Amino acid sequence: MSTTRAPKQKAPALTCDSHFHIFGPYDKFPLSATRGYNPPVALVSDYLAMAESLGIERMVVVQASVSGTDNAVTLDAVRQFGQHRARAVAVIDDSFTDATLKQMHDAGTRGVRFNVSTGNGTPIDQLEPIARRIAPLGWHIQVYIEGESLATMGPTLAKVPVPIVIDHCGGVRAGLGLEHPQFQDLLRLLDSGNAFIKTCSYRVSSAGKPWADSAPNVKALVARFPERCIWGTDWPHPQMNPSPEAGLLLDQFFEWVPDAATRQRILVDTAAKLYGF
């Protein structure tokens, strides 16, 4: 887990970190036997230390692939944070009953994640049936895909009866450039009006540390869809070596989005509506 230095400027009041994970303690919340990697322990107390450093006041715990469909660690984290400032994005499949979904809603869940990139999640053929089931709850679907999947999945995602939230700048590598078909596929999906994009950008860097080559992607998305962008730290940055500092990531966001009103919209207002704060 990376250490966190303070950013040059703290986030505005009520900033929402829309994407991070909690791992452990493993004697209480064991990892899935079919996981694809072994993350270090990353506890609620560790996260809060980072959030305090950045000025984050609201938070969305995202169920990671290493926990499968056992959402206990994620929902327990929301309980610890408190629903006055925290929400969950869970991983479910068609075995979950409507009663269970209602219980999860009451515990702070506001979306479900389909992880095509790292696996150990819900089969993608369950996306449309699950979308129909969660629509009455007001939930959204969060999708982690790579850029090459946008051409085939984009039209389907644009039509589902719930909002779609796309992880990590759509998985389109920065080195491909903004005119590449993958980035154009991402723009078409966002043009549908049904999708939001997480401007967590370091995972789409083609150059590596300090991951600044993803700036054009973020700037283009914010310029065209300021009302559909949200932001997150992706703490504790699983499977990244070297691992970025969250303070650096916030500094980059401030540099790439210099307009204070637009930053307020992304960091606070849109997230508040999407997650029901």
Requested in this report: Filter region 15-61 down to the residues that are buried (at least 22 other Cβ atoms within 10 Å of the Cβ) and of a type in the set (Ser, Thr, Tyr), then identify the one that is nearest to Ala246 (Cα to Cα).
Outcome: Tyr47
Report task. Could you grab me the full set of residues in region 238-248 that are in contact with a strand residue (DSSP E or B) (Cβ under 9 Å, 6 or more places away or on another chain) and either modelled with pLDDT of 95 or more or not in a loop (DSSP other than H, G, I, E, B) (or both)? Result -> Ala246
Query raised in the report: Which one of the conditions (1) surrounded by fewer than 22 Cβ atoms within 10 Å (Cβ to Cβ); (2) touching a Lys or Arg at 6+ places or on another chain (Cβ under 9 Å); (3) under 13 Å from Thr15 (Cα atoms) does Arg265 fail to meet, given that it meets all the rest?
Result: (2)
Query raised in the report: When the residues of region 114-123 are filtered to those that are touching a Ser or Thr at 6+ places or on another chain (Cβ under 7 Å) and surrounded by 16 or more Cβ atoms within 10 Å (Cβ to Cβ), which remaining residue is farthest from Leu157 (Cα to Cα)?
Result: Asn120
Report summary line: Over region 147-162, the set of residues surrounded by 16 or more Cβ atoms within 10 Å (Cβ to Cβ) and closer than 17 Å to Pro123 by Cβ is Ser149, Met153, Leu157, Val160
Requested in this report: Give Pro181, Pro242, Pro238 a once-over and let me know the one that is surrounded by fewer than 21 Cβ atoms within 10 Å (Cβ to Cβ) and either within 19 Å of Ala271 (Cβ to Cβ) or within 16 Å of the chain's Cα centre (by Cα) (or both).
Outcome: Pro238
Query raised in the report: Among the numbered criteria (1) in a loop (DSSP other than H, G, I, E, B); (2) within 28 Å of Glu128 (Cβ to Cβ); (3) over 17 Å from the mean Cα position of the chain (by Cα), which single criterion is violated by Val162?
Result: (3)
Query raised in the report: Which of (1) touching a Lys or Arg at 6+ places or on another chain (Cβ under 9 Å); (2) loosely packed, with under 15 Cβ neighbours inside 10 Å does Gly111 not meet, given it meets every other one?
Result: (2)
Report summary line: Going through region 79-109 in order, the residues found to be among the small types (Gly, Ala, Ser) and within 22 Å of Phe277 (Cα to Cα) are Gly82, Ala86, Ala88, Ala90, Ala107, Gly108
Query raised in the report: Out of Ser206, Ser214, which single residue is closer than 17 Å to His168 by Cβ, of a type in the set (S, T, N, Q) and surrounded by 20 or more Cβ atoms within 10 Å (Cβ to Cβ)?
Result: Ser214
Query raised in the report: Gln142 fails exactly one of the following numbered conditions: (1) over 22 Å from Tyr26 (Cα atoms); (2) in contact with a Phe, Trp or Tyr (Cβ under 6 Å, 6 or more places away or on another chain); (3) crowded, with 23+ Cβ neighbours inside 10 Å; (4) not charged (D, E, K, R). What is the number of that condition?
Result: (2)
Query raised in the report: Do you know which of the residues in region 205-243 that are hydrophobic (A, V, I, L, M, F, W, C) and without any contact (Cβ under 8 Å) to a residue 40 or more places away in the chain is farthest from Ile166 (Cα to Cα)?
Result: Ala207
Requested in this report: Could you check, for region 124-135, whether at least one of its residues is modelled with pLDDT under 95 and either within 14 Å of the chain's Cα centre (by Cα) or buried (at least 21 other Cβ atoms within 10 Å of the Cβ) (or both)?
Outcome: no
Query raised in the report: Of all residues in region 80-89, how many are farther than 12 Å from Phe20 by Cα and surrounded by 14 or more Cβ atoms within 10 Å (Cβ to Cβ)?
Result: 4
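The values are calculated or read from the model by the stated rules, or taken from the named source; none is laboratory data. Keep in mind that what you see is a predicted model, and the values were worked out from it rather than measured. Every residue, glycine as well, gets a Cβ built from its backbone with ideal geometry; the counts of neighbours run over all protein chains shown.
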